[in-house]
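What follows is a single structure, written as structure tokens, with notes after it.
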């Protein structure tokens, strides 16, 4: 039936004048209440069918003598769909005191009557007398006020059976605390209207509570983990609140992320990077699996592929410009110490004698290029690995070291390390990929790259985040692990946050620097764990058995988020646009590539204007 048929019928039944076209148009316009209204509504004595949902409203009829703090929090934090309304109606103290005087007199007369009859004293009467006297004194001294309090709960479910289950769970929780509730029989409509956010108490089922027990009903006791600024890390799985944090407002800016492969750890960190970039923060990523290439391309970042055949090179002998609070001699000394650590990794360890030879050879290599503690590092050409080999070959006892070093200067690995630096990280988002680097060289490459980044960071004080994916590669060597720990400890001074990500918890914690890196990280994210690693994770993070099983049973993107001493269960959620930029799902990546190819083909067929 169309709108005109409705008005014809209306005209015939009520015999009114036909509506003008403007009136017909206005009558056909949808209002907001029409949009949000359910498709159907059915009210029964015990429940209401509201569209596809069934709801039931309850009210509290009785409280115990004492109400402990946070007694209501198990209900607030219940993982169910429900609404709660608390109505508080103040009562004038003068009226209450008159009633109290009568009530106290009644109780006193009952006690005296029992005494005159020689009956055994009644503890309930005496307790009531004491409570009344104490409350009357507090009311007279304005230390307390009295209120009529109505507490209503509406639960939702898809079926009546599910509704009964939720009702039984809520009743058992409350009755264990001696709080009793009843369904609003034949008053479900009034109960539902009382719970709706319109501030109208249609039920008027109230209990009298004074200020102290009323304060225990404070509704905002649901545990959340958030701050007033920062980025969205995810949704609190306890109560669907937002987990908002600014890592740069915490005691240090570091984070660690532990998860098994495929559980969404890189996805979560990419999402954090994308949102962090919007807050004037520079982000640098060390990417061992080439997962960040598309993201760097999509947001206009810079991408360097570090491999033996790559056109991008980093010379470990480069020297940074000294800061205002540093001297050139301190910078040179620090870089020599760093290079000794690098050669320990490259040459498979050094004996004390070899360590001394390498240290002296590095200093002489710099001297060969007229670089001394008093040099101006802005006007120098840093030596190369081949220069170091030349100096080392002229030193007694260095024959074995020269032979080991030859593969880095003349052999297959020469193209990676024996070239001048040609990378520039002066961008808001920079990625160093090492997927094509041989596994044997990855610890060396990560050490060189992180030190190069560290030197660049020390030049200018800016808000930066350094993300080290698959950090267990750096934990395999004591020198690289020590350097990473040093970054975690010293980064705050330079406004730098370190985000370490790893799937191999065992290898990470085997290092003596693994646990100190965790304790020096204000934010810790644990996603789904493998059964082989869960016991070690539970011991390290002091998890309960419930939290342990939560990590074992979590879905992709779910886990536990720690900030300081607090932690909550979290679910990582991205928007559609964010998901298209950061996804690592091979099926989605292939779809995106196919769409880009189709777009490119379509553009190629369009004639030039």
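Laboratory data are not the source of any read-out in this text; all were calculated from the coordinates shown. Keep in mind the model is a prediction, meaning the values are calculated, not measured. Note: ideal-geometry Cβ built from the backbone for every residue, glycine included; neighbour counts use all protein chains shown.
Summary of values
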item: Between 0 and 90°, nearest 10: helix 93-116 axis offset from the chain longest Cα axis; result: 70
item: C-alpha long axis of helix 328-346 to longest principal axis of the chain, angle in °; result: 90
item: Ranking of 208, 260 by count of other Cβ atoms within 10 Å, fewest first; result: 208, 260
item: Burial ordering of 95, 404, fewest other beta-carbon atoms within 10 Å first; result: 95, 404
item: Share antiparallel - DSSP beta bridges, the chain, percent rounded to 5; result: 65
item: Segment 38-215 - convex hull of the alpha-carbon atoms, volume per residue in Å³; result: 143
item: √(5λ) per eigenvalue of the Cα gyration tensor, segment 218-296, largest first, Å; result: 26, 16, 11
item: Centroid-to-centroid separation of segment 518-542 and segment 431-486 [C-alpha atoms, Å]; result: 22
item: Semi-axis lengths, Å, segment 317-420, gyration tensor of Cα atoms, sqrt of 5 times eigenvalues; result: 24, 15, 12
item: In nm, spacing of pseudo-spin labels at residue 428 and residue 177 (7 Å Cα→C-beta vector); result: 4.7
item: Footprinting exposure proxy for 366, 494, 513, 549 (fewest neighbouring C-beta atoms within 10 Å first); result: 549, 494, 513, 366
item: Theoretical FRET efficiency, 1/(1+(r/R0)^6), r = Cβ-Cβ of residue 84 and residue 324, R0 56 Å, to 0.05; result: 0.45
item: The chain: calculated mean residue ellipticity at 222 nm from DSSP helix runs of at least 4, using -39500 (n - 2.57); result: -13500 deg cm²/dmol
item: Nearest-ten-degree value, helix 531-541 long axis tilted from longest Cα axis of the chain; result: 80
item: The chain, relative contact order [Cα under 8 Å, separation at least 6], %; result: 16
